[in-house]
Structures are given as C-alpha cells and as structure tokens.
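Here's the structure we're looking at; comments come further down.
The values are calculated or read from the model by the stated rules, or taken from the named source; none is laboratory data. This is a predicted model, so every value here is computed, not measured. In this analysis, Cβ positions are derived from the backbone assuming ideal geometry, glycine residues included, and neighbour counts consider all displayed protein chains. With ligands, DNA and RNA removed, areas are computed over all heavy atoms of the protein, side chains included. Shrake-Rupley method; radii C 1.70, N 1.55, O 1.52, S 1.80 Å.
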Amino acid sequence: MSIREATLIQGDGIGPEITQATLQVLDALGMQFDWDEQFGGMAAVEKAGTPLPNATLDSIRHTKLCLKGPLTTPVGGGYRSVNVALRQEFDLYANVRPTKTIVPGGRYEHVDLVIIRENTEGLYVGLDHTFKIGGDRRALAQAMSIVTREGSERIARYAFEYAKTHGRKKVTIVHKANILKATSGLFLEVARRVAEQYAGAIACDDKIVDNTAMQLVIKPEQFDVIVTTNLFGDILSDEAAGLVGGLGLAPGANIGTHAAIFEPVHGSAPDIAGKGIANPSAQMLAAAMMLDHIGELEAGQRLRCAIEATIVTDNVRTPDLGGRAATAEFAHAVVKRVRA
Ligand code: NAI
Ligand code: MG
C-alpha cells in the first residue's frame with residue numbers, strides 16, 4: 001500500500017505510553033503511516049500556549065485522518081473542551097462506539113454492538129438559556145433541540161453503510177417520537193426512509209429510548225447497530241461501555257466529511273500516568289477502527305483478534321483487568337500475536 005499521511009496527537013497523561021504501544025503493533029501489522037506529529041491539550045499549552053494550536057488544525061485539515069490520545073482539558077483559564085472544538089471545526093457528525101465482550105466471566109458474555117450517535121445536532125447545539133422573571137435571574141431555563149432532515153439523513157445513511165461494510169445485520173433506530181413528535185419524529189421518519197433503501201440487506205427496527213435503556217441491561221445481545229440522536233447516544237454509549245466493564249477497552253471514532261479522528265473513550269488517567277501500567281487496548285482498538293475507515297479491513301480485524309487473543313488466550317492483562325502486565329509487556333504480547 002502507499003504510505004498514508006496521518007496526524008498523530010499522543011495526548012496527555014497516559015497518552016504517550018498507550019500511543020507508543022499502539023505504534024508498535026501498527027508497525028508489526030505492516031501498516032505504515034507518514035505521521036505528522038502535533039500537539040493538543042496540556043502538552044500544547046506548555047509548548048504553544050494554547051490547547052488547540054492552529055498547526056494541529058492545519059495538519060488534520062490536510063491529512064483528514066487523526067489518531068489521538070486523551071487530552072487533559074486545562075481547568076480554569078476559560079479553555080473550552082478541545083474535543084468539542086475539534087468536533088465543531090471538522091463537523092465530525094458521527095460518533096461511533098463499538099462495545100464488545102472481550103473478557104469472559106463478566107456480567108454479559110455475548111455483547112457485540114455499535115452505537116452510532118449523531119454528534120452535531122439535537123440538544124447539544126448550545127441553545128441553552130436561563131431567563132429572568134421578577135427578581136429571579138434564573139427563574140426559567142430553556143433548551144432548544146435542533147434536528148434537521150439533512151443531519152438525520154446523513155447519520156442514518158452512515159449507520160446503514162457502516163452495517164453493510166462491517167457485516168452487521170440489523171440497525172435499531174432509537175428515538176422518543178411518541179413524546180417529541182417534531183424533533184424525534186423527524187429523525188425517526190428520515191431514518192426509516194433511509195432503511196427502506198437497504199431492505200433485504202440490512203434489517204431495521206426501532207425502539208423508544210427508555211425501553212432501549214432497559215433492554216440493554218436485560219438482553220444486550222439483541223442489539224447490533226444502534227443509531228440515535230446526540231443526547232440519547234451520549235447516555236446509551238456510556239451505558240453500553242459499562243456492560244462489558246472497563247474504560248481500558250472502549251474505543252471511539254468521530255467521523256466527518258472532511259476528517260476523522262480516532263481515540264480511546266477514556267481520559268488521560270493522571271492517577272496512573274508515567275507508571276507504565278495503563279491498558280493500551282482502547283487506543284489500539286481505536287487504531288483498528290482507523291484501519292477499517294481507510295479500507296484496511298483485514299488489518300483492522302487482525303489487530304482486534306490479536307488483542308482479544310492476548311487478553312483471553314494468553315491471559316496477559318494490565319492491572320485494570322486484574323492482571324500484572326505492564327503496558328510494554330502487553331504491547332509485546334500483542335505484537336507476537338499479530339506476527340503469529
Ligand atoms: P479518565 O478516563 O482519565 O480516568 C478514569 C479512571 O479510569 C482512572 O482511575 C484511570 O486510571 C482509569 N483509566 C482510564 N484509562 C485507563 C487505561 N487505559 N488503563 C487503565 N486505567 C485507565 O477520566 P478522568 O480522571 O475523569 O479524566 C482525566 C482527564 O482526562 C481530564 O482532564 C479530562 O478532561 C480528560 N478526558 C479527556 C478525554 C479525551 O481526550 N477524549 C475523555 C475523558 C476525559
Ligand atoms: Mg458522554
């Protein structure tokens with residue numbers, strides 16, 4: 001393959017440790033990238049005086065592809081979240097979070113689902129205000145939810161295309177159209193229309209969000225791909241991650257028309273930073289999603305299988321999974337599996 005340009009942000013805290021481990025396994029896979037290393041978060045504040053330097057944005061604008069470690073959002077000083085800023089800057093409309101049982105013996109054995117969350121509309125558009133009545137400056141609060149036909153169409157299409165290319169069988173549209181007839185109703189209507197175009201190839205059903213939350217706990221195996229609006233997706237994807245236990249295993253992707261950013265769901269873990277014991281699996285799984293995204297599906301799958309075999313068969317585990325392996329030992333074991 002030709003060497004693909006990509007932006008690399010190692011991130012703060014455990015970021016550099018888990019990123020180094022991930023670069024080793026990408027190398028073992030024979031996946032070569034021409035990395036443009038940039039900075040964000042605290043590392044960027046120290047180097048450039050801002051958590052999101054223009055050079056970082058320019059790089060992502062150019063490469064359209066970014067592997068990113070967790071960033072510490074500086075407290076105080078009026079800094080806004082770097083992650084929110086990136087999402088807005090590149091219109092990263094699809095937030096994709098797969099949840100899969102890897103470690104046996106947990107609460108659920110056969111969870112294998114993907115939540116695709118609309119990442120730019122809904123209640124997260126920032127139209128959230130308080131109003132003064134009489135002497136009370138905050139007597140009334142109002143939030144506005146924006147749902148557009150275009151926004152719903154592109155996320156629904158993304159979900160069905162994702163299902164198609166990833167061998168998934170069913171998409172569940174999650175909504176609250178019984179109460180929010182306009183906003184959630186429009187989302188459901190548009191998503192159902194997109195579903196018709198995949199009839200025969202990808203099954204589709206829909207569920208009300210509160211029932212979905214319960215069904216996830218009772219019988220998570222029934223779900224395959226879930227597509228939903230911003231707030232519901234935010235809540236359900238954390239719930240889903242909780243089903244299989246462990247932030248160290250949860251990757252996420254933020255996909256837009258102009259760029260895609262792959263990262264672990266967890267943060268910079270300052271409590272264990274520098275100790276060499278962080279679990280690099282989430283970052284490695286994020287890299288596997290990046291490989292899928294650029295069409296290297298076979299390499300992505302090989303990486304996922306290697307991580308699973310390392311944890312389950314070889315029983316090499318970092319302390320968060322009850323093991324004793326250091327980050328570097330775990331990475332070494334995954335490299336061995338990749339090469340096997
Ligand atoms: P956190 O996710 O960094 O840590 C929560 C707990 O999980 C800690 O005990 C940590 O040691 C553990 N943990 C997380 N990842 C782990 C891994 N790979 N291996 C082993 N243990 C792991 O959440 P916290 O402490 O709330 O946030 C720390 C910083 O990270 C904050 O500045 C926050 O703003 C930032 N953050 C950044 C995110 C991003 O860049 N996408 C996402 C979430 C938080
Ligand atoms: Mg959230």
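Kindly state which strands (runs of 3 or more DSSP E) lie completely within the stretch 98-160 and contain at least 3 residues that are without any contact (Cβ under 8 Å) to a residue 24 or more places away in the chain.
Numbers: elements: 112-118, 128-133, 136-143.
The qualifying strands (runs of 3 or more DSSP E) are 128-133, 136-143.
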- Item | Single unsatisfied condition, THR228 versus (1) more than 16 Å from ligand 1 (Cβ to nearest atom); (2) under 13 Å from the mean Cα position of the chain (by Cα) | (2)
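Tell me, which residue of the stretch 209-231 that is open to solvent by less than 30 Å² (accessible area, probe 1.4 Å) and assigned to a helix (DSSP H, G or I) is nearest to LYS169 (Cα to Cα)?
First pass over the stretch 209-231, keeping only residues open to solvent by less than 30 Å² (accessible area, probe 1.4 Å): 209, 212, 216, 220, 223-230.
In the following step, the residues that additionally are assigned to a helix (DSSP H, G or I) were identified as 209, 212, 216, 220, 230.
Working: VAL209: 20, THR212: 18, LEU216: 18, PRO220: 15, ASN230: 23 Å.
Out of the qualifying residues, it is PRO220.
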- Item | Test result for GLY15, assigned by TED's automatic domain parsing to the domain that holds ALA331, touching a Pro at 6+ places or on another chain (Cβ under 8 Å) and of a type outside the set (A, V, I, L, M) | yes
- Task: Kindly list the number of the only condition in (1) touching a residue at least 24 places away in the same chain (Cβ under 8 Å); (2) open to solvent by 60 Å² or more (accessible area, probe 1.4 Å) that fails for SER184.
- Result: (2)
- Have a look at GLY267, GLY295 and point out the one that is out of contact with any helix residue (DSSP H, G or I) (no Cβ under 8 Å at 6 or more places or on another chain), more than 16 Å from ligand 2 (Cβ to nearest atom), in a loop (DSSP other than H, G, I, E, B) and at pLDDT below 95. GLY295
- Going by the structure shown, is GLY300 assigned to a loop (DSSP other than H, G, I, E, B), more than 14 Å from ligand 1 (Cβ to nearest atom) and not assigned by TED's automatic domain parsing to the domain that holds ILE146? no
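From ALA43, ALA55, which residue is assigned by TED's automatic domain parsing to the domain that holds VAL338, modelled with pLDDT under 95 and not β-branched (Val, Ile, Thr)? Break it down stepwise before answering.
Details: ALA55 fails: modelled with pLDDT under 95.
ALA43 is the lone residue from the list that is assigned by TED's automatic domain parsing to the domain that holds VAL338, modelled with pLDDT under 95 and not β-branched (Val, Ile, Thr).
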- Message: Among the residues in the stretch 254-269, are any touching a residue at least 40 places away in the same chain (Cβ under 8 Å), out of contact with any Ser or Thr (no Cβ under 7 Å at 6 or more places or on another chain) and among the hydroxyl-bearing types (Ser, Thr, Tyr)?
- Response: yes
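Quick grid of which residues meet (1) within 16 Å of ligand 1 (Cβ to nearest atom); (2) within 18 Å of ILE255 (Cα to Cα); (3) in contact with a strand residue (DSSP E or B) (Cβ under 8 Å, 6 or more places away or on another chain):
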| site | (1), (2), (3) |
| --- | --- |
| LEU86 | yes, yes, yes |
| PHE90 | yes, yes, yes |
| ASN95 | yes, yes, yes |
| VAL103 | yes, no, no |
| HIS110 | no, no, no |
| VAL125 | no, yes, yes |
- Identify the residue in the stretch 161-173 that is assigned to a helix (DSSP H, G or I) and in contact (Cβ under 8 Å) with a residue 40 or more places away in the chain and, among all such residues, is surrounded by the fewest Cβ atoms within 10 Å (Cβ to Cβ). THR165
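What strands (runs of 3 or more DSSP E), lying completely within the stretch 1-91, carry at least 3 residues that are more than 23 Å from GLU118 (Cα to Cα) and open to solvent by less than 30 Å² (accessible area, probe 1.4 Å)? Steps first, answer last, please.
Working: elements: 4-9, 33-38, 65-68.
Those strands (runs of 3 or more DSSP E) span 4-9.
Would you pick out the residues in the stretch 265-291 that are within 16 Å of GLY246 (Cβ to Cβ), touching a strand residue (DSSP E or B) at 6+ places or on another chain (Cβ under 6 Å) and open to solvent by less than 10 Å² (accessible area, probe 1.4 Å)?
Residues of the stretch 265-291 within 16 Å of GLY246 (Cβ to Cβ): 265-267, 269, 271-272, 277-286.
From what's left, touching a strand residue (DSSP E or B) at 6+ places or on another chain (Cβ under 6 Å): 265, 282-283, 285-286.
Selection gives ALA282, GLN283, ALA286.
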- Of the residues that sit in the stretch 241-261 and are within 29 Å of MET144 (Cα to Cα) and open to solvent by less than 20 Å² (accessible area, probe 1.4 Å), which one is nearest to ligand 1 (Cβ to nearest atom)? GLY252
- Take ALA331 and decide whether it is at pLDDT below 95 and open to solvent by less than 10 Å² (accessible area, probe 1.4 Å). no
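Sort through ASP234, ASP238 and tell me the only one that's at pLDDT below 95 and either open to solvent by less than 10 Å² (accessible area, probe 1.4 Å) or more than 30 Å from ASP58 (Cα to Cα) (or both). I'd like the intermediate steps shown before the answer.
Values: ASP234 fails: either open to solvent by less than 10 Å² (accessible area, probe 1.4 Å) or more than 30 Å from ASP58 (Cα to Cα) (or both).
Checking each option against the conditions leaves just ASP238.
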